[in-house]
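Reviewing the structure listed below.
The values are calculated or read from the model by the stated rules, or taken from the named source; none is laboratory data. Keep in mind that this is a model prediction, so the values were computed, not measured. Here the Cβ positions follow ideal geometry from the backbone for every residue, glycine too, while neighbour counts run over all protein chains shown. In case anyone asks, the SASA skips ligands and DNA or RNA and just uses the protein heavy atoms, side chains included. Shrake-Rupley method; radii C 1.70, N 1.55, O 1.52, S 1.80 Å.
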Amino acid sequence: MFDSLSDRLDGIFSRLRSRGRLTEKDVDEVAREIRQALLEADVNVKVARAFITRVKDAAIGANVHEALNPAQQIVKIVHDELVATLGGETGKLVVSSKPPTVILLAGLQGSGKTTHAGKLARHLKSQGRQPLLVGADLQRLAAVEQLRTLAQRIDVPFFSEDSDPVTVARKGIDEARRLGRDHVIVDTAGRLQIDADLMDELARVRDAVQPHNTLLVIDAMTGQEAVNVASAFNETIPIDGVIITKIDGDARGGAALSVKEVVGKPILFAGTGEKLDEFEVFHPDRMAGRILGMGDMLTLIEKAEQTFDEEQKARAEEIMREGDFTLEDFLDQLRQVKKMGPLQNVIGMLPGMPKEIKDADIDDRELGRVEAIICSMTPAERAKPNSINGSRRTRIALGSGTSTGEVNNLLKQFGQMQQMMKQMGVMGRVMQKKSKKNKKKGGRTTAKGTKPVSTKSNPGLGGMGAGGLGSPGLGDLGDLGDFGGLGGLGGPGGFKGLPKR
């Protein structure tokens, strides 16, 4: 969503890197360019003006840190102001001391209320909560059936009836108490435009259920109009927070950067795709990092932890320790990486990735071709790729619908990666022996005042290092190179990949 803004800011900061120091004239010029970039990103004019004023004041009055060059100093200031503009601290839902906690969703038609009611219920369930979905949108055809289907998919109770929204919402709360559910999510009707009937109905539903959280669902594609919508809703039925949807689209980001500043309500959640699991807590500091090209390692780690189960993490640790990495392991981890979402989104969370790679048109279907080649091998061949001779390579190519050249290329590059894994295993065993030796002598194994780094800390990510996404926890994604045009994902021993056909 913030691609265009990120590109503009990156260009501005790149020009600053060649300057030894910044004058007040330079600051004015940078501020003017940033303001233009914000306006092009459809940020509210008042928000852009206030943002630039704060940046200029901070830049002119700041004590330049000796370790930072002028460009880094400006980046730090812009980052801090972006975090403040996006909401500062991560917001949280209010939880009632006397269950159930009632969450009322409001918004215009088409903003994604019903879908995100299901996503929110799934998120709460993953946090150990027990939600119940209430379908109080009796205006839109099939809205109730849509929410019922979503409830079945995530195995969450659902309630609705053919009466009126106020009665449905009130009885939904009673049903939650009867079933012992601790959260109730009430989906209400939307309209194409804000009107008196919509607001009156919402007000009556709100008065009936007395929600602990009233969340406004806003479509990021609406740009500055999202601010007007949020302001109108907040004046009639005070909202407590915002769910912003479709941030994975090509919207320019103005809505996210404007809502908190104008309405004063935090963005609590963000919809990152169409699937039910493509929904996350909105972290202003992490989003600011993404906008400035700093990546978002914390969200990436969280996604990996959710994707990789304990058995897979244990196997990843064993691979790191022993250096025994087979095509079967690679296939398992490749499948897990695919579960983390579109590969381009994963790459966007990595800090320091070149613009060329971030902007590359990555087709996740190319990974399917790699998977097809490995699946066309026998278990023995996956365990010992060196046993695959010419006739076997021909058979594998025919079975996977690829060419022998593509099979050869995969095996060659995997051999390089396997050799690197063995070297890492040797280094791990040497370090382990040194550690045991130091313990026997009573020597210190870690620096004073620090804690030993656990090998079980985020094992799903393996080694996030020289090879981009490292290995083995994420299937050595950094070494994928450019499978059929994956944009050259970097990393020593990287698969140069299957050529596009």
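Computed on the Cα atoms alone, the convex hull of the range 74-152 gives a volume of 142 cubic angstrom per residue.
Between the amide H of residue 132 and those of 183, 184, 185, distances stay under 5 Å, these residues lying 5 or more places away or on another chain, with hydrogens modeled in the peptide plane.
Net length available on complete extension from residue 394 to residue 33 is 124.2 nm, with 0.36 nm assigned per residue and the Cα-Cα distance removed. Summarising the amide proton neighbourhood of residue 241: residues at separation of 5 or more, or on other chains, whose placed amide H is nearer than 5 Å comprise 214, 216.
Rounded to the nearest Hz, the phi-derived 3J(HN,Hα) couplings of the range 77-82 under the Karplus curve 6.51 cos²θ - 1.76 cosθ + 1.60 (θ = phi - 60°) are 5, 4, 4, 4, 6, 5, where x marks glycine and proline.
The modelled label-to-label distance between residue 139 and residue 203, using points 7 Å beyond Cα along the C-beta direction, is 1.5 nm. When you count the other C-beta atoms within 10 angstrom of each residue and take the mean per peptide, 264-274, 137-147 line up highest first as 264-274, 137-147. Per-residue 3J(HN,Hα) values for the range 129-146, derived from phi via the Karplus relation 6.51 cos²θ - 1.76 cosθ + 1.60 with θ = phi - 60°, read 8, 10, x, 10, 9, 10, x, 9, 8, 9, 8, 7, 4, 6, 5, 5, 5, 4 Hz in sequence order (x marks Gly and Pro). You can think of it this way: the chain between residue 224 and residue 54 has 59.1 nm of extra reach, that is 0.36 nm per residue less the Cα-Cα gap. The residues neighbouring residue 170, those whose beta-carbon lies less than 12 Å from its own, together hold a net charge of -1 under the Lys/Arg +1, Asp/Glu -1 convention. Charge tally for residue 104 (other residues, Cβ to Cβ under 13 Å; Lys, Arg +1; Asp, Glu -1): -1. Of the residues 126, 387, 97, the one with the largest accessible area comes first in the ranking 97, 126, 387, computed with a 1.4 Å probe on protein heavy atoms. Subtracting the Cα-Cα distance of residue 125 and residue 178 from their residue separation scaled by 0.36 nm leaves 17.2 nm.
So, counting K/R as plus one and D/E as minus one, what does the shell of residues with Cβ under 12 Å around residue 225 add up to?
Overall, the nearby charge balance is -2.
Evaluating 6.51 cos²θ - 1.76 cosθ + 1.60 at θ = phi - 60° for every residue in the range 325-335, the Karplus couplings come out as 10, 10, 5, 5, 5, 4, 5, 4, 6, 4, 5 Hz, glycine and proline recorded as x.
Using R0 = 60 Å, the C-beta based FRET efficiency linking residue 386 and residue 76 works out to 0.75. The lysine pair count for the range 70-200, using Cα distances under 19 Å and pairs eight or more places apart or on different chains, is 6. In the calculated pair-distance distribution of the range 200-288, the portion above 18 angstrom amounts to 43 percent of the Cα-Cα pairs.
Taking the alpha carbon gyration tensor of the range 125-254, multiplying each eigenvalue by 5 and rooting it gives semi-axes of 25, 18, 14 Å, largest first.
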